[in-house]
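Engineer: Sharing a structure here in structure tokens format.
The values are calculated or read from the model by the stated rules, or taken from the named source; none is laboratory data. Nothing here was measured: the structure is a model prediction, and the numbers come from that model. Virtual Cβ from ideal backbone geometry, glycine too; neighbours counted across all protein chains shown.
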Amino acid sequence: MKQNKPKKQMTNKTFLFTALIGSLIIVILVTVSTLWNTKKTIEATDEAVSAVSSFYLETMADNHAKTITNLISNSFDEMNMAIAYLREENVNSKEDLQLAIGRVESLLGINQIALVDKDNVVYTRYTTYTGGSRHAFLAKDELDSRIISIVSLYGSSKQLCLAVPTPDLVIMGKQYKACFIQLDIKDIVDLLALDDQGGTHFALYSKSGSNLSGTELGPVISNENILDAIKSIVRENVWSENQANFANGKEGALSFGTGDAHQTLCYVPIEGTDWEMAVLISESIIQEQIQEISERNLNTNRRQIVLTFVSVLALACILLFQIGKFSKVELEKEKETSRNFKNIANTDSMTGVRNKHAYSEQEEMINSQIGSGEADRLAVVVGDVNGLKYVNDTFGHAAGDQLIKDATSLICEHFSHGAVFRVGGDEFVILLKGDSCDNLQETVEEFDRIVEANISKKAVVISIGYSTLKSEDQYLSDVFERADRMMYERKKELKAMGTPSGR
């Protein structure tokens, strides 16, 4: 027994020593693993920032480029429709021609359309002038293809000039060689700016790097020639590669640092032109969000090192807290996504006003208020666009779509105090509540006067009818039906005044 006692003491000492060493080894392994994971997290975050930022920029640049491509394509389509319209017009004088150009501009919703005869005389809605010195493409006796160019006239803002040949267009016995329109670059920039996100910059460039849009591509490049601006801040081989991309109409990307700021630039060619659309991001929202998440992860790792020495239980509590916090963020994201989907589901994609689904929701809510006696002052205005089928059949669906957009603008302008819904192809409903019902009759009369004046202008014509909630009404549809009947009576009146037949 005496011999076994020291052995037992050695076993206890060994156990305690082993537990101590084992605990230290676990702490060291956890610490080393945490530090290693921290390093990898930083590296992965940097890679994610670069990859996500590049993808974001490429998507935005591609969307901007497609917007301009679609604008150019639609403008060429509108010119072809205008030429077809003018070919059928009875023109016997220069004044007749100018009036015909004015009519086609109003009908198609386009501006600054012009015809050019063989003598390079330019005919517009308001004037005529010799265009050889203003437009380089008129130096040719004949145009054999479409022309896309940038012009700047008399110190004005830059204009996008689009021209098509008209070899078979003869008016008053005179041969016309081209039709062209000019679009203000500033208007195009404003259109692109609607989709712009905070922290991003965009600009339009020629293949030589010249800034066509006049917009600033960040503080470093500004509105200068992009190739000249980056020459001093990137390596020569990088600059040569990007110069070749611009010259050959290829897409590309580059990153550069200026002080503490890191900037990423992507550019894509615009189809049918020799231009490039460039988008730049600096201190982007995406980068900040990813870095914020990364910093939270790093802080969590640092806390794990300290808390491992204190208690596994404390570490578990903190991890549970982090999981709960992350779940809350994810829940908020899901709620926001749900709200966004609901907004999309309730919005008419063509006009931007609310759609039939949104109207059905409003109808259900108002029916409930009527049934409970909570509904107070309420009015319904029903509108129907005259001549949509005629425009679609005669000038194509693009012109029909434009007619619907013009109708929406006219309705929203006069009924801005109400909720506007597009419930069918050419059908609109406006709901007015409370004080919005004031002066309803005066508003309708003013609207009708403008519509009647539009008949002679061949502009948009809309038949409307209205009605207000009565004590015997049980549903919103009761008010709607009275307004709908009034609208159809108005439609007959406008048809008698000369609006096109068909819906």
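Engineer: Being over 19 Å from S416 (Cα atoms), modelled with pLDDT under 65, part of a helix (DSSP H, G or I) and among the hydrophobic types (A, V, I, L, M, F, W, C), is that true of even one residue in the range 344-355?
Structural biologist: no
Residue by residue, here is whether (1) at pLDDT 80 or above; (2) surrounded by 15 or more Cβ atoms within 10 Å (Cβ to Cβ) holds:
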{"residue": "V164", "(1), (2)": "yes, yes"}
{"residue": "Y176", "(1), (2)": "yes, yes"}
{"residue": "I181", "(1), (2)": "yes, yes"}
{"residue": "G209", "(1), (2)": "yes, yes"}
{"residue": "I221", "(1), (2)": "yes, yes"}
{"residue": "N242", "(1), (2)": "yes, yes"}
{"residue": "F246", "(1), (2)": "yes, yes"}
{"residue": "K250", "(1), (2)": "yes, no"}
{"residue": "G259", "(1), (2)": "no, no"}
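Engineer: So in the range 357-397, with the set limited to residues that are under 14 Å from S477 (Cα atoms) and either among the polar types (S, T, N, Q) or not assigned by TED's automatic domain parsing to the domain that holds N454 (or both), which one is surrounded by the most Cβ atoms within 10 Å (Cβ to Cβ)?
Structural biologist: Only one residue fits best here, namely Q362.
Engineer: Take the residues in the range 86-114 that are touching a helix residue (DSSP H, G or I) at 6+ places or on another chain (Cβ under 7 Å) and not in a helix (DSSP H, G or I), then tell me which one is nearest to M172 (Cα to Cα).
Structural biologist: Filtering the range 86-114 for residues that are touching a helix residue (DSSP H, G or I) at 6+ places or on another chain (Cβ under 7 Å) and not in a helix (DSSP H, G or I), the one nearest to M172 (Cα to Cα) comes out as V91.
Engineer: Okay, next question. List pairs: first in the range 400-413 and within 14 Å of E78 (Cβ to Cβ) and assigned by TED's automatic domain parsing to the domain that holds S436, second part of a helix (DSSP H, G or I) and β-branched (V, I, T), Cβ under 6 Å, 6+ apart or cross-chain?
Structural biologist: Correct list of pairs: G400/V391; L403/V391.
Engineer: Ok, one more. Identify all residues within the range 455-472 that are touching a Ser or Thr at 6+ places or on another chain (Cβ under 9 Å) and either part of a helix (DSSP H, G or I) or of a type in the set (D, E) (or both); write none if there are none.
Structural biologist: I455, K457, listed by residue number.
Engineer: While we're on this one: Of all the residues that make up the range 58-106, how many are closer than 30 Å to Q263 by Cα and not β-branched (V, I, T)?
Structural biologist: 10
Engineer: Only residues that are aromatic (F, W, Y) and part of a loop (DSSP other than H, G, I, E, B): list them for the range 115-130, please.
Structural biologist: So in the range 115-130, the residues aromatic (F, W, Y) come out as 123, 126, 129.
Hit for the range 115-130 is Y126, nothing else.
Engineer: Here is a further query. Among residues belonging to the range 371-426 that are in a helix (DSSP H, G or I) and among the hydroxyl-bearing types (S, T, Y), point out the one that is farthest from R449 (Cα to Cα).
Structural biologist: Once the filter is applied, the top-ranked residue is S372.
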